[in-house]
Amino acid sequence: MILRAASRVGIGLWLMLAPACAGDAPARSPAEVMDILMWNREPVGGPFELVDHTGHISTERDFRGKLMLVYFGFTYCPDVCPTDLQAIGLAMDRLGSDADNVQPLFITVDPERDTPQHLADYVPLFHPRLIGLTGSPDAIRKAADAYKVYSAKVPLGKDRGDYTVDHTAFIYLMDRNGDYLGFFPPGTSADRMVEIIRPHLAK
Ligand code: NI
């Protein structure tokens, strides 16, 4: 069901993505990544070792026993990230006490600017339980690749060093063992997330 919804909403969003830029070119194009996700061609998710917004090392093993909602984005993202993070926060609220068994994670695709300190100012805006994760560019790229996330730095105007980051914005739902269940496309409502998450919490 998640996949069917994504096929309608996802394609249009992918077409909006600019092609990869030189300098920080990801290994795969958005179309390749989309294809892998849509048709389950490769495993999604896996081990990561990152730093959370309190400055502590965090790995996927820290969240065993809980469902994970994993979202990749960056704090300077003007609209898609905040909108989806808001929906995630709202879904957590609507889950009530069941939210104790769900861990939302925001993994930055912009580790250069999104330091732990910077994430600490950002993630509480959306939900007190949201954990922000950053790390070395290598560690972030590895995590993004594991989740089949496309991201690429794109210079903005002529300002030296100013840039944005094109990225795919799927919300991944992982089970209590960290295995992939499916994804929500960008723009999924909190109610829809709750509807999909609840039956998995009963398992
Ligand atoms: Ni974004």
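If you take all C-alpha pairs in the chain, what percent of them are over 29 Å apart? Considering the chain, 17 percent of its Cα-Cα pairs are separated by more than 29 Å. May I ask you to give the percent of accessible area on the chain that is carbon plus sulfur, with a probe radius of 1.4 Å? Accessible surface attributable to carbon and sulfur in the chain totals 54 percent.
Which value in deg cm²/dmol, rounded to the nearest 500, describes the helix-derived mean residue ellipticity at 222 nm for the chain, given -39,500 (n - 2.57) per DSSP H run of n ≥ 4 and division by the residue count?
Details: 6 runs with 67 residues, N = 203.
-10000 deg cm²/dmol, from helical runs alone.
Put simply, when 129-137, 42-50 are sorted by average Cβ atoms within 10 angstrom per residue, most first, you get 129-137, 42-50.
Stretched out straight at 0.36 nm per residue, the stretch from residue 27 to residue 117 would grow longer than its current Cα-Cα span by 29.5 nm. For residue 132, the residues 5 or more places off, or on other chains, whose built amide H falls under 5 Å of its own are 53, 106.
Using R0 = 41 Å, the C-beta based FRET efficiency linking residue 191 and residue 160 works out to 0.40.
For region 163-174, the Karplus equation 6.51 cos²θ - 1.76 cosθ + 1.60, evaluated at θ = phi - 60°, returns couplings of 7, 10, 10, 6, 7, 7, 10, 9, 9, 8, 10, 10 Hz by residue, with Gly and Pro reported as x. Take the Cα of residue 181, step 7 Å toward its Cβ, do the same at residue 129, and the gap between the two points is 1.3 nm.
Residues whose amide H lies under 5 Å from that of residue 72, counting only those 5 or more places away or on a different chain, are 107, 170; hydrogens are built 1.01 Å from N in the peptide plane.
Tell me, what is the percent relative contact order of the chain, built from C-alpha pairs under 8 Å that lie six or more residues apart? Don't skip to the answer; put the middle values down first.
On the way: 360 pairs, mean separation 62.1, N = 203.
Computed value for the chain: 31 percent relative contact order.
For residue 28, no residue whose modelled amide H falls within less than 5 Å of its own remains once neighbours fewer than 5 places apart on the same chain are excluded.
The values are calculated or read from the model by the stated rules, or taken from the named source; none is laboratory data. Please read all numbers here as calculations on a predicted model, not as lab measurements. Neighbour counts run over all protein chains shown; Cβ positions are idealised from the backbone, glycine included. Surface accessibility is based on the protein's heavy atoms, side chains included, excluding ligands, DNA and RNA. Shrake-Rupley method; radii C 1.70, N 1.55, O 1.52, S 1.80 Å.
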